[in-house]
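Input: a single structure, listed below in structure tokens.
The values are calculated or read from the model by the stated rules, or taken from the named source; none is laboratory data. In this text the structure is predicted, and so the values were computed from the model without any measurement. We place every Cβ from the backbone using ideal geometry, glycine too, and count neighbours over all the protein chains shown.
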Amino acid sequence: MSSGRRKFIKGIGAAALLPALPAFASEAVRTSNSHRILTANIRVALDEDEAKGVGWSVRKDICLKVIKDRKPDIVGFQEVLKVQADDLRKYFSSFHLFGFDGPEMDAHPTGYHGIAKNPILFSKERYDLLTGGTYWLSETPLVAGSRSWDTARARHANWVRLRDKKTGKEFRFVNLHLDHISAEAKIQQAKMVVEESAQYQPDFIQLLTGDFNTRFDSKVFESVRNGGWKESYETIHGEKEAGHTGHEFQGVAYDKASSKGRIDYIWYRGNIRPTAAAIVKDAVNGKYPSDHFFLQADFVID
């Protein structure tokens, strides 16, 4: 292990101590020991979207309903501003929302140019929170809002370690949002997460959700696959193009779909296996909850 990696892992450890319709055609019968995971880029609350009729005030109830109807145990969110985090906490009162939701560390407290937040929502009835933390996807991971590799925005990863109250099984859940501009930033940010997660034994269960802003066959995923991670949708459906997840609020009628691909993923590592996975294309009265389709996967812990 390099000295740089040892310092990084030591720093992360210290930081953790600080205060349309269902695309789930292949859905398996859900058992009592299965865990339903969603990754959901809900699109930040923007004034410009309000002007177009697709702002958070219009989408909020749709978004909350689509997520609730999927009956998740854990959700990894991306693009959550404080007003949206407050709505999630209020609506999902039996869940805990963990993660940095600012805006204390932002130079700009509002708008899409600020830091996109990635909180993790999990059932308080099902899981105990053992610990958790945040680190920034940069060369200075403990410096809030830090940027490297020409990343367009500051990016970070949130993680929690949970214990299933029914079985006593423990696992770790990591949630991120990679840069959307710099190819080098995406590669380096993914490597960071893989390196940080490698401090755990190979059989220790870890889940990794997020908007990776890249296609399945990208070089970004070389370090992820080489690090022992597998992707849930690929395990169920095969390693191939799954279709687009970003859709500019057009959903299944997206006119650029043929040139786009999936950019949202649910990865796993350790003694856990997926039993079903799908792109969620649900809409309410023709309105979509976000400019992304969400991704869903069911897992069984062995």
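Listed values, structure above:
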{"item": "Qualifying position, being touching a helix residue (DSSP H, G or I) at 6+ places or on another chain (Cβ under 6 Å) and among the small types (Gly, Ala, Ser), among GLY243, GLY227, GLY210, GLY286", "result": "GLY227"}
{"item": "Residue within segment 260-278 that is within 16 Å of the chain's Cα centre (by Cα) and β-branched (Val, Ile, Thr) present", "result": "yes"}
{"item": "Subset tally (residues that are touching a Lys or Arg at 6+ places or on another chain (Cβ under 6 Å) and either outside any loop (DSSP other than H, G, I, E, B) or surrounded by 18 or more Cβ atoms within 10 Å (Cβ to Cβ) (or both)) for segment 217-246", "result": "6"}
{"item": "Residue identified as more than 28 Å from ILE205 (Cα to Cα), of a type in the set (Val, Ile, Thr) and either crowded, with 21+ Cβ neighbours inside 10 Å or at pLDDT 95 or above (or both) among ILE62, ILE67, ILE37", "result": "ILE62"}
{"item": "Candidates LYS191, LYS219, filtered to the one that is at pLDDT 95 or above, among the basic types (Lys, Arg) and under 18 Å from ARG155 (Cα atoms)", "result": "LYS191"}
{"item": "Residue in segment 263-291 that is farthest from VAL80 (Cα to Cα), counting only those that are of a type in the set (Lys, Arg) and either surrounded by fewer than 23 Cβ atoms within 10 Å (Cβ to Cβ) or in contact with a Pro (Cβ under 7 Å, 6 or more places away or on another chain) (or both)", "result": "ARG273"}
{"item": "Candidates ASP302, ASP298, ASP255 - the one that is under 20 Å from PHE171 (Cα atoms) and loosely packed, with under 15 Cβ neighbours inside 10 Å", "result": "ASP302"}
{"item": "Scan of segment 144-187 for residues that are assigned to a helix (DSSP H, G or I) and surrounded by fewer than 16 Cβ atoms within 10 Å (Cβ to Cβ), ordered by number", "result": "ALA183, GLU184"}
{"item": "Of all residues making up segment 265-282, the number that are over 18 Å from ILE205 (Cβ atoms) and in a loop (DSSP other than H, G, I, E, B)", "result": "2"}
{"item": "Segment 67-95 - residue that is more than 21 Å from HIS35 (Cα to Cα) and in a helix (DSSP H, G or I) and, of those, farthest from the chain's Cα centre (by Cα)", "result": "LYS90"}
{"item": "Subset of segment 40-59 [more than 16 Å from the chain's Cα centre (by Cα), modelled with pLDDT of 95 or more and not acidic (Asp, Glu)]", "result": "ALA51, LYS52, GLY53, VAL54, GLY55, TRP56, SER57, VAL58, ARG59"}
